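Report on the following structure.
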Amino acid sequence: MTNPAKGAFARRLLASAATLAVATMTSSAAFAADELNALVWCDHTDPALIEPFEKANNVKVNVKEYEGTGAGISILEQSQPGDWDVMVIDAVDVHRIVDMGMMGEIPADALPKADMFPELLMEANNSKDGKIYAVTEKFGYNTISYDKTKVDPKDMEDLSIIWSDKYKGRIALYDYYLPMIGLVQLGLDKKTADLSDADMPAIEEKLKAMKAASKQVSDVVSSQTALATGEVDILVGGGEWITASLSGEKPNLDWTVPKQGAVRWAQSIGVMKDSKNPALALKFVQYILSPEGQARLATSSCYWGMPTNAKAGEHLNDAQKTALRWNDQAGYLKNTQLYPVPSAELDKKMQDAWTNMMQQ
Amino acid sequence: MTTATLEQTERRKAWGFVAPALAWTVLFFVVPFIFMTAMSLWSRQGREIVRVWNLDNYVRFFSESALLKGLTNSLEITLMVTVLSVLLAYPLAWIIAERVPKKWQRMALILAILPFWTSYVVRSYSWLLVLSKGGVINNALMGIGLISEPLEIASNRIATVIGFVHFFVMLLTLTIYSNLIQLSPNYRRAAADLGANAFQTFWHVVLPLTLPGIMTGAFLTFVLCIGDYITPQILGGNNELVLPQIIMLQIGRRADFPMAAALSIILMLAVTLAYIACARWLKIERA
């Protein structure tokens, strides 16, 4: 059997190789009629996603990968107007870029809204003052991933397991405070949208209990490696994006949406206001939202996630649909909530609580 | 040409040689440093960076135990790594310089620096596989019946230190080796003639003469180790944050560059103090 951890490395290396390949292709940009500069997350660096668009339109897509909205904002602040045509960003952070005056309006009739899962239209996030600035392109869940051969799957149906002692030392925590604090809020039977300063003391208490029961707090690759190698049996904050790409090699790994629900992550794509080639940029957005583009993005080499276009299913095979739990989405969408969208001050308090938790 | 004119010409020549390096340093170190210092005195309020000078970021650092602990964790791990690396690298360098035949020394050095050829990130993840519960070490120990339960050697400080030491032993080996091979054998012969045994020769002659190499390598180790966040992130399991990780946290989502700048200045101060200690007590500048 293939070692899954090696598989994780291979995917990582593949993602790096993809970035390199795209960068190399950039050098031959002179051969293309047009160029598109895209500020993206690593799933968009997969040649399997980018190349069909390039070939179909005789263009070069130059991708720059970033992690974290803060890093994305700093890249924008250091760029000249027109440097970027397209940007991918956490759906809950679209307004941050819109408020900076950097996102351009997208005509409503240019988007396949009728084909998208209604819950993923997320107008409050992607629009402002009646204007559309971005569109949700991929989503998934921050929930509980686990090894079903080592834990009782019934235990995973209750979020309070994440701060109980039953699996002490066998739990990894995903290292991103926003969805994790959202999960704790759900575990306390409250809504992520209602999260406020008043909830923070109770959240901090549970965060500390969660840390005491855990073995590690880790990023995507480390989390996946820990779960795949048996270093831990549960990953809090995981989901299909951790286990789906391992489904062939590690069928013992599973994930669930507990009875209290889970946090839904979503990423959006938009055209920059000062794009030098807005028509091509819009065409790229439309390609990403097309059923073919969505299927390729959903199964990108960097990480998997659910497509927002319901017609993408026609381009996914059965194994891919099973790994993504394609048929369960209606129930999951009902039982999941978006990331909390904190004010800047609350955001700071949440980050401080997370830092305190890690240093305890 | 008068002596004064000659001196002026020489001085101009000297400046001509120094100028490019000076310009480089000013452009890529002094200017960014000044900017970073200024930024560390600003503050992030809400979504805005307020450009009013104050010491809020530094006050926050010294008043929040989680942030202060980042510095103490960094210093503890760095010192541990530096000492262990020196203790391991010295015998290795000595074996290569003294015991390996001349014609094989180059090959030995290539083998020593082989780990540098792989990506830092890949190397850290490889260590994770070696140290994890189902990793090479635990499997081997359980296979031969030495242990019945896997040892907890991943996702903690031990793992971080192992990862770092593996990397820096090679670096130190190179600096110490270069010192050892420059050491004239006459010193040891003279010590032996004066009645010193092997240990006394090493302790009173060889070690002091190779201290510059040790300190250069140790300082490099200190600088690289205290500024790294990847190894603690991957191997330490984020169970204790080091200062560079806290800096990354400030930038990652909130783009709190003033706080990140203040923490970076504190990190630089720690490195500067380490340099002063090296230069003052071990006279590294005269090496």
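Could you tell me which numbered condition A:ASP254 fails, if it satisfies all but one of (1) within 14 Å of chain B (Cβ to nearest Cβ); (2) over 30 Å from A:ALA110 (Cβ atoms)?
(1)
Looking only at segment B:238-255, count how many residues are modelled with pLDDT of 90 or more and either in contact with a strand residue (DSSP E or B) (Cβ under 9 Å, 6 or more places away or on another chain) or of a type in the set (Val, Ile, Thr) (or both).
Looking only at that region, the number is 3.
Every residue in segment B:1-35 that is open to solvent by less than 90 Å² (accessible area, probe 1.4 Å) and within 30 Å of B:ILE265 (Cα to Cα), please. Reasoning before the result, please.
Within segment B:1-35, the first condition is being open to solvent by less than 90 Å² (accessible area, probe 1.4 Å), and the residues that meet it are B:2, B:4-6, B:9, B:14, B:16, B:18-23, B:25-26, B:30-33.
Answer for segment B:1-35, where residues must be open to solvent by less than 90 Å² (accessible area, probe 1.4 Å) and within 30 Å of B:ILE265 (Cα to Cα): B:VAL18, B:ALA19, B:PRO20, B:ALA21, B:LEU22, B:ALA23, B:THR25, B:VAL26, B:VAL30, B:VAL31, B:PRO32, B:PHE33.
Out of the helices (runs of 4 or more DSSP H) lying entirely within segment B:179-287, which hold 3 or more residues that are open to solvent by less than 20 Å² (accessible area, probe 1.4 Å) and either within 14 Å of chain A (Cβ to nearest Cβ) or within 23 Å of B:ALA93 (Cα to Cα) (or both)? Please lay out each step first, then the result.
Values: elements: B:185-193, B:198-201, B:207-226, B:230-235, B:243-252, B:257-282.
Here the list reads B:207-226, B:230-235, B:243-252, B:257-282.
What number of residues within segment B:57-81 are under 16 Å from B:ILE247 (Cα atoms) and either within 13 Å of chain A (Cβ to nearest Cβ) or aromatic (Phe, Trp, Tyr) (or both)?
Adding up the residues that qualify gives 16.
Please tell me if B:ALA89 is more than 14 Å from every other protein chain (Cβ to nearest Cβ), under 19 Å from B:ALA218 (Cβ atoms) and modelled with pLDDT under 95.
On the way: more than 14 Å from every other protein chain (Cβ to nearest Cβ): yes; under 19 Å from B:ALA218 (Cβ atoms): yes; modelled with pLDDT under 95: no.
Here the answer is no, as B:ALA89 does not meet what is asked.
Given the criteria surrounded by 19 or more Cβ atoms within 10 Å (Cβ to Cβ), modelled with pLDDT under 95, within 14 Å of chain B (Cβ to nearest Cβ) and assigned to a helix (DSSP H, G or I), does A:ALA10 qualify? If you could, list the steps in order and put the result at the bottom.
Details: surrounded by 19 or more Cβ atoms within 10 Å (Cβ to Cβ): no; modelled with pLDDT under 95: yes; within 14 Å of chain B (Cβ to nearest Cβ): yes; assigned to a helix (DSSP H, G or I): yes.
No: the conditions fail for A:ALA10.
Residues that are over 15 Å from B:LEU235 (Cβ atoms): list the helices (runs of 4 or more DSSP H) wholly contained in segment B:66-169 that include at least 2 such residues. If you could, list the steps in order and put the result at the bottom.
Numbers: elements: B:102-113, B:120-131, B:136-143.
Because the criterion is at least 2 residues that are over 15 Å from B:LEU235 (Cβ atoms), the helices (runs of 4 or more DSSP H) in segment B:66-169 that meet it are B:102-113, B:136-143.
Any residue in segment B:192-210 that is closer than 24 Å to B:SER178 by Cα sitting within a Cβ distance under 7 Å of a residue that is open to solvent by 90 Å² or more (accessible area, probe 1.4 Å) and modelled with pLDDT under 95? List the pairs, counting only those 6 or more apart or interchain.
B:VAL205/B:TYR187; B:LEU209/B:TYR187
Evaluate the following for B:MET107: is it under 30 Å from A:TRP354 (Cα atoms), open to solvent by 20 Å² or more (accessible area, probe 1.4 Å) and more than 14 Å from every other protein chain (Cβ to nearest Cβ)? Write out each step before concluding.
On the way: under 30 Å from A:TRP354 (Cα atoms): no; open to solvent by 20 Å² or more (accessible area, probe 1.4 Å): yes; more than 14 Å from every other protein chain (Cβ to nearest Cβ): yes.
It is false that B:MET107 is under 30 Å from A:TRP354 (Cα atoms), open to solvent by 20 Å² or more (accessible area, probe 1.4 Å) and more than 14 Å from every other protein chain (Cβ to nearest Cβ).
How many of the residues making up segment A:57-97 are surrounded by fewer than 21 Cβ atoms within 10 Å (Cβ to Cβ) and among the small types (Gly, Ala, Ser)?
Counting residues in segment A:57-97 that are surrounded by fewer than 21 Cβ atoms within 10 Å (Cβ to Cβ) and among the small types (Gly, Ala, Ser) gives 5.
Would you confirm whether or not segment A:272-279 contains a residue that is under 14 Å from A:LYS138 (Cα atoms) and buried (at least 18 other Cβ atoms within 10 Å of the Cβ)?
Going through segment A:272-279, the residues under 14 Å from A:LYS138 (Cα atoms) turn out to be none.
Among the residues of segment A:272-279, not one is under 14 Å from A:LYS138 (Cα atoms) and buried (at least 18 other Cβ atoms within 10 Å of the Cβ), which makes the answer no.
Of all residues in segment B:123-150, which are hydrophobic (A, V, I, L, M, F, W, C), over 20 Å from the mean Cα position of the chain (by Cα) and at pLDDT 90 or above? Give the derivation first.
Keep residues of segment B:123-150 that are hydrophobic (A, V, I, L, M, F, W, C), which gives B:127-131, B:136-137, B:140-142, B:144, B:146-147.
With over 20 Å from the mean Cα position of the chain (by Cα) added as a condition, the list becomes B:128-131, B:136-137, B:140-142, B:144, B:146-147.
Result: B:VAL130, B:LEU131, B:VAL136, B:ILE137, B:ALA140, B:LEU141, B:MET142, B:ILE144, B:LEU146, B:ILE147.
For segment B:151-174, what are the residues that are more than 30 Å from B:THR216 (Cα to Cα) and more than 9 Å from every other protein chain (Cβ to nearest Cβ)?
B:LEU151, B:ILE153
I need a count of the residues in segment B:8-45 that are in contact (Cβ under 8 Å) with a residue 24 or more places away in the chain and among the β-branched types (Val, Ile, Thr).
Total satisfying the criteria: 1.
Take residues that are within 14 Å of chain B (Cβ to nearest Cβ) and closer than 30 Å to A:ALA213 by Cβ and tell me which of the helices (runs of 4 or more DSSP H) falling wholly in segment A:44-163 contain 2 or more. Walk me through how you get there before you give the answer.
Details: elements: A:47-57, A:69-77, A:94-99, A:123-126.
Result: A:69-77.
Every residue in segment A:200-227 that is open to solvent by 10 Å² or more (accessible area, probe 1.4 Å), within 11 Å of chain B (Cβ to nearest Cβ) and farther than 14 Å from B:ASN239 by Cα, please.
A:VAL221, A:GLN224
Does segment A:178-203 hold any residues that are farther than 19 Å from A:ASN335 by Cβ and among the acidic types (Asp, Glu), and which are they?
Scanning segment A:178-203 gives A:ASP197, A:ASP199.
Please go through segment A:149-175 and give me each residue that is surrounded by 16 or more Cβ atoms within 10 Å (Cβ to Cβ), touching a strand residue (DSSP E or B) at 6+ places or on another chain (Cβ under 7 Å) and not aliphatic (A, V, I, L, M), ordered by number.
A:TYR167, A:ARG170, A:TYR174, A:ASP175
Here's the yes/no breakdown for (1) within 14 Å of chain B (Cβ to nearest Cβ); (2) polar (S, T, N, Q):
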residue	(1), (2)
A:SER275	no, yes
A:THR299	no, yes
A:CYS302	no, no
A:GLY313	no, no
A:ASN327	no, yes
A:LYS334	no, no
A:ALA344	yes, no
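Just to be sure I understand the filter: pairs with C-beta atoms under 6 Å, separated by 6 or more residues or on different chains, first member in segment B:119-138 and more than 7 Å from chain A (Cβ to nearest Cβ), second member polar (S, T, N, Q) and in a helix (DSSP H, G or I). Which pairs pass?
Listed by first residue and then by second, the contacts come to B:SER124/B:THR231.
Select from segment B:1-56 the residues that are outside any loop (DSSP other than H, G, I, E, B) and among the charged types (D, E, K, R) and write down the one among them that is farthest from the other protein chains (Cβ to nearest Cβ). Full working, then the answer.
Within segment B:1-56, the first condition is being outside any loop (DSSP other than H, G, I, E, B), and the residues that meet it are B:3-40, B:43-45, B:48-50, B:56.
Right, trim to among the charged types (D, E, K, R) and you get B:7, B:10-13, B:44, B:48, B:56.
On the way: B:GLU7: 46, B:GLU10: 43, B:ARG11: 40, B:ARG12: 39, B:LYS13: 39, B:ARG44: 8, B:GLU48: 9, B:ASP56: 13 Å.
Across segment B:1-56, the extreme among qualifying residues is B:GLU7.
The values are calculated or read from the model by the stated rules, or taken from the named source; none is laboratory data. All values reported here derive from a predicted model rather than from experimental measurement. Please note: Cβ atoms are built from the backbone with ideal geometry, for glycine as well, and neighbour counts cover all protein chains shown. For the accessible areas, the whole protein counts, side chains as well, though only heavy atoms, and no ligand, DNA or RNA atoms are used. Shrake-Rupley method; radii C 1.70, N 1.55, O 1.52, S 1.80 Å.
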